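The values are calculated or read from the model by the stated rules, or taken from the named source; none is laboratory data. This one's a predicted model, so the numbers in the text were calculated from it and none came from an experiment. Virtual Cβ from ideal backbone geometry, glycine too; neighbours counted across all protein chains shown. To get the accessible areas, we keep the full protein, side chains included, count just its heavy atoms, and leave off ligands, DNA and RNA. Shrake-Rupley method; radii C 1.70, N 1.55, O 1.52, S 1.80 Å.
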Amino acid sequence: MSQTTVALLFGGKSTEHEISIISARSIARAINREHYRIIPFYITRDGEWYTGGIAGEILDLDLSSIMRNTSREEAENLLKRKALDSGQKPFDFNFTDSGIDVAFIVLHGSYGEDGRIQGFLDTVGIPYTGCGVSASALAMDKALTKLCAAAAGVATAPSITLSAPDYKASPESTHELIARQFGFPVFVKPASLGSSVGISKVHHAGELLRALQIAFGLDRKVLVEAAVTGREIEVAMLGNDQPLASVPGEIQPGSDFYDFQDKYIGNTAKTFIPARLPDKLLEEVRRSAITVYKALGCKGMSRVDFFVNEKTGSIVLNEINTIPGFTDISMYPQLFEASGIAFSELIDRLLQYALEKPEWTGN
């Protein structure tokens, strides 16, 4: 049986660089080596591509343990030193000679999840896992996601979208507007980042300035959302034209909310699969996830997150992640494991969906 050659793309220029490496390592360890040959491609924070030796070394790092025992800055410096000390020349982008059949994109956040790498791969003719350009760009922007979901009939949290120039021109009046329109607490989020990077829960007016400074330090577009009462429920999605929704899972944060530290470092959150909700409500959440997935034009995979209030029956979209985490504690593979699809099979299906020809291509 001939092997399919997979370019495993990880690292990248986003704030989720280290998480991408951890996800890629999990995929490399679980993939069926009889069917697939992996060529690792490590992309540095500066955007340089490496394959072969140094990419393999970084892929083999137990970065998850390193990050739990050192600071993020120390982990970042370790990766920089490895790339610099390798003496290896960056990749020359000759994909043809590399014999690549398909790319598995494990680039969380900016430059990986927002449509840019997808457009590049479309241009060079390499099929890839996950959503295409338009769905990736829409899902990456939380404000645009909310518009698409609302148009499809899925509820979203009340919010306002702020731009950096407008906020800089009148910060005091913006603070007053937020307090008057929502009260507290509110969530302040960079519009186009994942893994809860830069998100703050603001409990009172005195915390608002700092939260906005953090968010605008990462993005020129910021979302301010009213806090929604409800359990944090996640649904993993798989497939193209006829997507499959997993058993919904529940996150019980170990801190004030499910932030980056709780997700990847402290690991203090509790998970419940299936979520602790009545069967009827679980099914409604699955249907809502499929609606959002189709409304944005997603394919391959995504994870759709909601706030669900069991008392009122309300289902409110939180966000959608088109390249969800694949770490050892990530919900996406866990949800499909609970749905009867093991990690290795999940990887295989994602690659097969990437190689699948669309049923209708137009004229």
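Where the second residue is assigned to a helix (DSSP H, G or I) and of a type in the set (Phe, Trp, Tyr) and the first is modelled with pLDDT of 85 or more and lies in segment 66-80, which pairs have Cβ atoms under 8 Å and are six or more apart or on separate chains?
Between residues of segment 66-80 that are modelled with pLDDT of 85 or more and residues that are assigned to a helix (DSSP H, G or I) and of a type in the set (Phe, Trp, Tyr), the close pairs are Met67/Tyr264.
So which residues in segment 142-161 are outside any helix (DSSP H, G or I) and open to solvent by 20 Å² or more (accessible area, probe 1.4 Å), if there are any at all?
Ala152, Gly153, Ala155, Thr156, Pro158, Ser159, Ile160, Thr161
Hey, could you check segment 274-286 for residues that are open to solvent by 50 Å² or more (accessible area, probe 1.4 Å) and touching a residue at least 24 places away in the same chain (Cβ under 8 Å) and say which is nearest to Asn240 (Cα to Cα)?
Arg286
Tell me which residues, restricted to segment 33-75, are among the small types (Gly, Ala, Ser) and either within 27 Å of Thr4 (Cβ to Cβ) or part of a loop (DSSP other than H, G, I, E, B) (or both).
Of everything in segment 33-75, those that are among the small types (Gly, Ala, Ser) and either within 27 Å of Thr4 (Cβ to Cβ) or part of a loop (DSSP other than H, G, I, E, B) (or both) turn out to be Gly47, Gly52, Gly53, Ala55, Gly56, Ser71.
Name the pairs: first residue in segment 1-28 and more than 11 Å from Phe326 (Cβ to Cβ), second residue among the aromatic types (Phe, Trp, Tyr) and surrounded by fewer than 24 Cβ atoms within 10 Å (Cβ to Cβ), Cβ to Cβ under 7 Å, at least 6 apart or on different chains?
Gln3/Tyr36; Thr4/Tyr36; Val6/Tyr36; Gly12/Tyr111; Lys13/Tyr111; Ser14/Tyr111
For segment 227-255, which residues satisfy the criterion of being of a type in the set (A, V, I, L, M), at pLDDT 95 or above and open to solvent by 10 Å² or more (accessible area, probe 1.4 Å)?
Within segment 227-255, Leu244, Val247 meet the criteria.
Within segment 10-39, track down each residue that is more than 19 Å from the chain's Cα centre (by Cα) and open to solvent by less than 20 Å² (accessible area, probe 1.4 Å).
Residues satisfying the conditions are Ile31, Tyr36.
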